[in-house]
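*Asks:* Next up is a structure, given as structure tokens.
The values are calculated or read from the model by the stated rules, or taken from the named source; none is laboratory data. Quantities reported herein were computed from a predicted structural model and do not represent experimental measurements. Here the Cβ is made from the backbone with ideal geometry for all residues, glycine too, and neighbour counts use every protein chain on show.
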Amino acid sequence: MCKQCNLKPVYEFTNKKKLCKGCFIKYFQKKFLYTIRKFDMIKKGDVVSYKSKGGFRDVVLEDLLNLFVNKGVISVMKVSNKKANKIALSNTLDIESDKIVHILIKNNASKLKKLFPVDKKIIKPLYLLTDDEILLYAKLRNLKIKSKKTKKDKISSFIDELEKKHPEIKRAIVNSYLELYEK
């Protein structure tokens, strides 16, 4: 049962804490807002653009950015243009941990700095959220998404297998990276 309201759980953390649909949506939105505050991504009056191809990450990013639009904090545009002062990418914890490991294995450490959640105009509001969490949020909010298969190389497949045996490994990779490059 959900720890907070004793309803049927839809999500379970690695520490066995469970959340129902409503509590998960609140948790997810709070984590999104925390990411934006932690890395100072958005300020009142910003014009944020993003690209959407209908994938689950893009659709969830659009839904979450609309939280700010509805409160009158920012304006959002679907396609990047010169009026936007921020460009939001739908990069997640899974994508970023994969990039970090690839860069390290290929000995391109100079490229690591560009993976920070904020790089000039580029922001990554989904940076601390996993693909599983994002997919569940999309399903619970009944967001229309296009399913798309992605090809993975050996390194990415290895990381995914490692995550199955050692949950939170992707989060540990990103957290270690952030400790090194925290501004």
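*Asks:* Tally time: how many residues in region 150-183 are within 19 Å of Lys124 (Cβ to Cβ) and not charged (D, E, K, R)?
*Replies:* 12
*Asks:* Next question. Give the residues of region 103-130 that are touching a residue at least 60 places away in the same chain (Cβ under 8 Å) and in a helix (DSSP H, G or I), sorted by residue number.
*Replies:* Leu112, Lys113, Leu115
*Asks:* Filter region 117-129 for residues that are of a type outside the set (A, V, I, L, M), surrounded by fewer than 18 Cβ atoms within 10 Å (Cβ to Cβ) and in contact with a Lys or Arg (Cβ under 9 Å, 6 or more places away or on another chain) and give the result.
*Replies:* Residues of region 117-129 that are of a type outside the set (A, V, I, L, M), as a first pass: 117, 119-121, 124-125, 127.
Subsequent filtering for residues that are surrounded by fewer than 18 Cβ atoms within 10 Å (Cβ to Cβ) retains 119-121.
Correct list: Asp119, Lys121.
*Asks:* Looking only at residues in region 131-182 that are loosely packed, with under 12 Cβ neighbours inside 10 Å, free of Cβ contacts under 8 Å to residues at least 12 places away in the same chain and among the basic types (Lys, Arg), which one is farthest from Gly55 (Cα to Cα)?
*Replies:* Going through the qualifying residues, I end up with Lys165.
*Asks:* If Lys111 satisfies all but one of (1) under 19 Å from Lys53 (Cα atoms); (2) among the charged types (D, E, K, R); (3) modelled with pLDDT under 90, what's the number of the condition it fails?
*Replies:* Result: Lys111 passes all but (1).
*Asks:* Okay, moving on. If I filter region 83-116 down to residues being closer than 23 Å to Thr150 by Cα and of a type in the set (Val, Ile, Thr), which single residue comes out as surrounded by the most Cβ atoms within 10 Å (Cβ to Cβ)?
*Replies:* Looking at the filtered set, the residue picked out is Thr92.
*Asks:* Considering Tyr50, Tyr27, Tyr34, which residue is surrounded by 19 or more Cβ atoms within 10 Å (Cβ to Cβ) and within 23 Å of Leu135 (Cβ to Cβ)? Walk me through it before giving the result.
*Replies:* Details: Tyr27 fails: surrounded by 19 or more Cβ atoms within 10 Å (Cβ to Cβ); Tyr34 fails: surrounded by 19 or more Cβ atoms within 10 Å (Cβ to Cβ).
Checking each option against the conditions leaves just Tyr50.
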